[in-house]
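Chemist: Pasting in a structure now, in structure tokens, and then I'll have a few things to ask.
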Amino acid sequence: MTGLIRREFIVNTPLRQAWVHLSRIESWPSWAKHIRRVELVPAGTLTAESEGRIHLRNGIRSTFRMVELNPDRNWKWAGQLLWLTIHYDHQFEAVDSRRTRLIWFVTADGAGESILGRLFTRIYERNLNTAIPALMAEMNASVA
């Protein structure tokens, strides 16, 4: 498995509130403008059986299935993109009672990993460069 992306940032939001905010998968298009819409199946709270069906603005669709769920600590899900399996790990750490560190790891494995992985990384990093500041602003405003 190849590590593609690691992003770490702090939000001015308590840990539990940060978890709840980010786990509202259907709301991601409010801060991740590259996403047209997301469906969580089953709808509602994240569970060990959750799937996220993501519809990107460029027309690509992908389904990600939960592979690990540790409430208020992390969740990992994985999904196919062409010949790759992309793994996303969303980690949460309390900095103090009012701030939370979010750490996102993206890894990949599969055929064409070296070429497709580099292309995916370039595109996804550009999306994250816009999405993370928007998420931070949204989360910080939610506690103001």
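The values are calculated or read from the model by the stated rules, or taken from the named source; none is laboratory data. Treat the numbers as computed from the prediction; the structure is a model and nothing was measured. Virtual Cβ from ideal backbone geometry, glycine too; neighbours counted across all protein chains shown. All accessible areas refer to the heavy atoms of the entire protein, side chains included, with ligands and DNA or RNA removed. Shrake-Rupley method; radii C 1.70, N 1.55, O 1.52, S 1.80 Å.
Chemist: Does R53 count as within 23 Å of R6 (Cβ to Cβ), in a strand (DSSP E or B), open to solvent by 80 Å² or more (accessible area, probe 1.4 Å) and not aromatic (F, W, Y)? First the steps, then the outcome.
Modeler: On the way: within 23 Å of R6 (Cβ to Cβ): no; in a strand (DSSP E or B): yes; open to solvent by 80 Å² or more (accessible area, probe 1.4 Å): yes; not aromatic (F, W, Y): yes.
Considered against the rule, which asks whether it is within 23 Å of R6 (Cβ to Cβ), in a strand (DSSP E or B), open to solvent by 80 Å² or more (accessible area, probe 1.4 Å) and not aromatic (F, W, Y), R53 comes out as no.
Chemist: So how many residues does region 11-25 have that are more than 16 Å from A131 (Cβ to Cβ) and either hydrophobic (A, V, I, L, M, F, W, C) or exposed (fewer than 13 other Cβ atoms within 10 Å of the Cβ) (or both)?
Modeler: Adding up the residues that qualify gives 3.
Chemist: Please state which of the following conditions S62 fails to meet, knowing it meets all the rest: (1) loosely packed, with under 13 Cβ neighbours inside 10 Å; (2) in a strand (DSSP E or B); (3) hydroxyl-bearing (S, T, Y).
Modeler: Looking at each condition in turn, S62 falls short on (1).
Chemist: Does L46 satisfy the criteria of being of a type in the set (A, V, I, L, M) and in contact (Cβ under 8 Å) with a residue 24 or more places away in the chain?
Modeler: So L46 fits the description; yes.
Chemist: Hey, another quick one. If I filter region 126-142 down to residues being in contact with a helix residue (DSSP H, G or I) (Cβ under 7 Å, 6 or more places away or on another chain) and surrounded by fewer than 17 Cβ atoms within 10 Å (Cβ to Cβ), which single residue comes out as nearest to R6 (Cα to Cα)?
Modeler: The first filter runs over region 126-142 and keeps only residues in contact with a helix residue (DSSP H, G or I) (Cβ under 7 Å, 6 or more places away or on another chain), leaving 138-139, 142.
If we keep only those that are surrounded by fewer than 17 Cβ atoms within 10 Å (Cβ to Cβ) too, we end up with 138, 142.
Working: E138: 21, S142: 25 Å.
It comes out as E138.
Chemist: Does L4 qualify as being assigned to a strand (DSSP E or B) and under 22 Å from R101 (Cα atoms)?
Modeler: Answer is yes for this residue.
Chemist: Within region 83-121, track down each residue that is of a type in the set (D, E), buried (at least 17 other Cβ atoms within 10 Å of the Cβ) and under 29 Å from L15 (Cα atoms).
Modeler: If the condition is that a residue be of a type in the set (D, E), buried (at least 17 other Cβ atoms within 10 Å of the Cβ) and under 29 Å from L15 (Cα atoms), then D89 is the only one that fits.
Chemist: Now a separate question. What is the residue count in region 118-137 for residues that are farther than 28 Å from R98 by Cα and among the aliphatic types (A, V, I, L, M)?
Modeler: Filtering region 118-137 down to residues farther than 28 Å from R98 by Cα leaves 118-124, 126.
Add one more test, that the residue is among the aliphatic types (A, V, I, L, M), and what stays is 119, 123.
Residues flagged as farther than 28 Å from R98 by Cα and among the aliphatic types (A, V, I, L, M) within region 118-137 amount to 2.
Chemist: Taking the residues in region 65-82 that are open to solvent by 70 Å² or more (accessible area, probe 1.4 Å) and farther than 26 Å from R16 by Cα as candidates, determine which candidate is nearest to the chain's Cα centre (by Cα).
Modeler: Looking at residues that are open to solvent by 70 Å² or more (accessible area, probe 1.4 Å) and farther than 26 Å from R16 by Cα, I get Q80.
Chemist: Which ones in region 26-50 are surrounded by 13 or more Cβ atoms within 10 Å (Cβ to Cβ), among the hydrophobic types (A, V, I, L, M, F, W, C), part of a loop (DSSP other than H, G, I, E, B) and touching a strand residue (DSSP E or B) at 6+ places or on another chain (Cβ under 7 Å)?
Modeler: L46
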